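Note sheet for the following structure.
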Amino acid sequence: MPQLVEYPQTRNPWCTNPLARGADGVLRYGNLNPALTELLDVQVHAFSNREAVVEIGGASGHEVRLTYRQLWHSASRIAGGLQEHGIGYGDRVAVRMPVGARWVQAFLGALLSGAVPVLVPDPLPDALAGQLLSDSSADFVLDGGGAEAHYADLPDGAAFIDDGASLSELALLCYTSGGVRPDGSPAHGDPKGVELTNENLLSAVRSMVGALDLPTDGLRNLVLLPLAHASGCVDQMLPTFAVGGTVVLSPDPALIAETIVAERIDAVCATPRIFAGLLPDLAGLHAEAVRQVCSAGHRAELAATDPGTCEVVAAALREVFPLARQWSVWGATETSGIGLALADSGEPHRHDLLGLPFGGTELALWGPRAESGHGELLCRGPNVAPRYWNDPQTTESRFTGSWFHTGNQVDIDADGLVHRAE
């Protein structure tokens, strides 16, 4: 008979913030802002003149730089325009746009309107994108009027900010990879809408800021992960904003090496496949100013990634970024994009290692051999989604109480380190 064996979190390097166990058994952070909008609003006023977003080589064909004041003003105008279209609290506003500054403006505009942003990856075929829009019952779609349009082609009205949300309320509707992986390559299976609450998002942000000790003196983060996935939006963009840093976006791969140097990049994050594709352009570059390099592996992508590719990428990244703290993460949309993390030891890459629990994530094993350390990996924590959107059947099959069934067979050793099962 299947067993559920819990592995309560012990002291580990990826949890530096105090957590308290709730009545439901889940570890939670204290003193979180009531809502994501409030956290961002505070930071905007604290860092109003800093660069918030920089776009190099995007669809517009020209460089874009927005300070926090400019970004917040344009987003609040979009929120006001959505209000004039009848959009309000709890409505779903889909964001389907190419990566760039306008994507960030649209996302924040939807958030500030009181609506729930629905992230629709831009590379999705129209049929699959239509499936997501239909499933989410989207009340409005922000597509920006095309790649050449200015943000004014998005809804525009009197500045508005809705600040009435609470921790338990739905803040973001993010779909599992389904027909496309985070790097744009094909995947299989129907995408599922994952409900991420304000607590999920704020907890993920708190975990990232604490575990990596993100500085507040002007972090410049080159985000190569798609913003329409939890890994890019929740784990990279939002933590950067939380510390008053700059999100640098460079959709053109040919400009990445130049951007790293010219924009004085401190941190870089991408999937192993994205990094592998960039290696020819990064060859010969020694970016000693970069201090953080993260290789983010979504569970579906890691299953399809060749172990040899991961080893080559890891070794190459050590040469390109010789002074950087390098680490890898494993996660799923249901865990707000991150659940496990592993520091790079400098030794040859081990494809079987996934990492230790990140932030407030706790682990369990499910199956007949769970007592002996082998089984399906289960996760719970303040960053783990409560349910799927409008899908009680899948919710029931993938959640046991607060435990999320990842579908991954793993081994957990005596030190709590998770290994991919062979």
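Below is a table of values for the structure above.
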item	result
Conditions (1) surrounded by fewer than 19 Cβ atoms within 10 Å (Cβ to Cβ); (2) outside any loop (DSSP other than H, G, I, E, B); (3) at pLDDT 90 or above: number failed by Ser166	(2)
Residues (closer than 25 Å to Lys192 by Cα and touching a residue at least 60 places away in the same chain (Cβ under 8 Å)) located in region 368-383	Gly375, Leu378, Arg380, Gly381, Pro382, Asn383
Enumerated strands (runs of 3 or more DSSP E) restricted to region 17-99, each holding at least 2 residues that are surrounded by 15 or more Cβ atoms within 10 Å (Cβ to Cβ)	27-29, 51-55, 64-67, 92-95
In region 236-249, the residues that are open to solvent by 10 Å² or more (accessible area, probe 1.4 Å) and over 14 Å from Tyr68 (Cα atoms)	Gln236
Residue, farthest from Leu196 (Cα to Cα), within region 237-255, restricted to residues that are in a helix (DSSP H, G or I) and in contact with a helix residue (DSSP H, G or I) (Cβ under 8 Å, 6 or more places away or on another chain)	Ala254
Qualifying residues in region 358-383 (those that are crowded, with 18+ Cβ neighbours inside 10 Å and among the polar types (S, T, N, Q)) - the one farthest from Leu167 (Cα to Cα)	Thr361
Residues satisfying the stated conditions in region 1-16, i.e. in a loop (DSSP other than H, G, I, E, B), open to solvent by 40 Å² or more (accessible area, probe 1.4 Å) and in contact with a Gly (Cβ under 7 Å, 6 or more places away or on another chain)	Pro2, Thr10, Thr16
Of all residues in region 384-422 being in contact (Cβ under 8 Å) with a residue 60 or more places away in the chain and of a type in the set (A, V, I, L, M), the one that is most open to solvent (accessible area, probe 1.4 Å)	Leu417
Count of region 281-306 residues which are assigned to a helix (DSSP H, G or I), open to solvent by 60 Å² or more (accessible area, probe 1.4 Å) and either more than 29 Å from Gly218 (Cβ to Cβ) or modelled with pLDDT of 95 or more (or both)	1
Test: residue in region 24-33 that is at pLDDT 90 or above, farther than 27 Å from Gly331 by Cβ and among the hydroxyl-bearing types (Ser, Thr, Tyr)	no
Filter result (in contact (Cβ under 8 Å) with a residue 60 or more places away in the chain and open to solvent by 10 Å² or more (accessible area, probe 1.4 Å)) within region 111-136	Leu111, Pro121, Asp122, Pro123, Leu128, Gln131, Asp135
Within region 169-194, considering residues that are hydrophobic (A, V, I, L, M, F, W, C) and assigned to a strand (DSSP E or B), the one modelled with the lowest pLDDT	Val180
Restricting region 39-55 to residues that are touching a Gly at 6+ places or on another chain (Cβ under 9 Å) and of a type in the set (Gly, Ala, Ser), the residue that is modelled with the highest pLDDT	Ala52
Hits in region 211-230 (condition: open to solvent by less than 20 Å² (accessible area, probe 1.4 Å) and either within 15 Å of the chain's Cα centre (by Cα) or within 24 Å of Ala385 (Cα to Cα) (or both))	Ala211, Leu212, Asn221, Leu222, Val223, Leu225, Leu227, Ala228, His229, Ala230
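The values are calculated or read from the model by the stated rules, or taken from the named source; none is laboratory data. Since we're looking at a predicted model, the values are computed, not measured. Because the Cβ atoms are built from the backbone with ideal geometry, glycine has one as well, and the counts that use them run over all protein chains shown. These accessible areas exclude ligands, DNA and RNA; they are computed on the full protein's heavy atoms, side chains included. Shrake-Rupley method; radii C 1.70, N 1.55, O 1.52, S 1.80 Å.
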